[in-house]
Every structure is written in structure tokens, then in C-alpha cells.
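Working notes for the structure below.
Every number here is computed from the coordinates shown, using simple stated rules; none is lab data. This one's a predicted model, so the numbers in the text were calculated from it and none came from an experiment.
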Amino acid sequence: MQEIERAKLVYRWAQHDILDTYSPERMAFALKLVSSTDRAFGPLVHRGQWSKFLRTAVLPNALRILAHAPGIPKMIFRTISQTRITYRDSAFSEGRAGEIRGGDRLPWIGVLDNFKPLDAICWQLHVYGKTDAVLAEAAQGHGLKLVNFEFHDDAAEAGLANNGAYLVRPDGHIGLALPTQDAATLTDYLAGNGVTSGSAEN
């Protein structure tokens, strides 16, 4: 029952049918989490001299070296924080803009503070660049919280598209990625998935 209530919170403002996507998504997440954790920590928790040697000699020195290697700290953060987990195979995920696809976790762009709007647990439309007036009108008509960010080099590095629009689910994953800010595609997605109007929280 707790899982159902949590699902309702995450997917509220959507038809009841959309809850059917919750279990497959979370099951896939759980399997990847367990698998990655087992691979990372399995050898370290075993008994025996080899595991003890790994814990006391190899691991501390390896971490010191890796901490200063280019790109390694970011990769470790993404692995530990599970931001690499995606729901691309979900029926709830559509589109691609830049390197980001529906189902991906919204990339964190620190200089833009683009995670701050996620404090409002609601459907949001994020645009990185200039927002098309027709798309803005459609977002308002559907009661979506619209957030416009200037396109930044860090956004490009993260894989976001210049002038791309991303419909962000209440759980911070992307439901729909729009490379051309197509208002009709947004409307079709909302209607097809039963996402109702009046979901914005300001």
C-alpha cells in the first residue's frame, strides 16, 4: 500500500492507468541498483586475506589516485547517486533533444540551479534557450509550470539541446523531450498519457 501511495504522489494529475508504469520502472531501477552495488562492494565484504588486502591497502590508495583523475569524480558521483538510471523503455517516455531522451534523469546544471524548481513536486516544462510563444501558451493552457533557462556551455556539455524543451515528471525524470518545441506534440503527449491540467505549483 505504501508503494501505491508513493506512486500516486509521483504520478498525480495523471490517469489511473499511468500507475501501471510505476512497478516496471521501479523494478528495473532496483535490479540495476542491487547489481551495481554487488559488483562494487562484493569483493570488499568477503572474508579472507585477499578481501582484507583490498580494503586496507588497495582501495585507499586507488581512491586517492582516482580522486584527482580527470572526469573520474563526476563519474563516481553519477554512479553513486544513481543519476545514470533511466526509464527509456517505459511507455511513459518519449522523444529526444540533444543527447537527452525521455526517461532520462534531468541533468543537474549547477550554474543554472536547474534542480531548484523541482522543489515543487509537479509536472514542469523546462526550456534551455528561448521559449517559443506558442509552446509557452500551450504550457499555460495545460497548467504546466514553465521554467526558462539561458542556454549555457554546461548545459551543452550535459547533453541538453539549445532551445530544447523537456517535460519533467514530478520525480525529476523526463517524460517528453522536444528538440523543436512542438506544442502539438506536447499536447498529444499530455492527452495520450492522461496528464491533466492545473498541475502547476508556483
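Quick notes on this one:
- Of all DSSP beta bridges in region 94-192, antiparallel share, percent nearest 5: 65 percent
- Rounded, prolate or oblate (a/c below 1.5 giving rounded, otherwise prolate when a/b exceeds b/c) for region 94-192 by Cα gyration tensor: rounded
- 3J(HN,Hα) from dihedral phi, region 153-165, Karplus parametrisation 6.51/-1.76/1.60, rounded to Hz, x for glycine, proline: 4, 5, 5, 5, 5, 7, x, 6, 8, 5, 6, x, 10
- The stretch between Val111 and Ala91 holds 4.0 nm of extra length on full extension. This uses 0.36 nm per residue minus the Cα-Cα distance.
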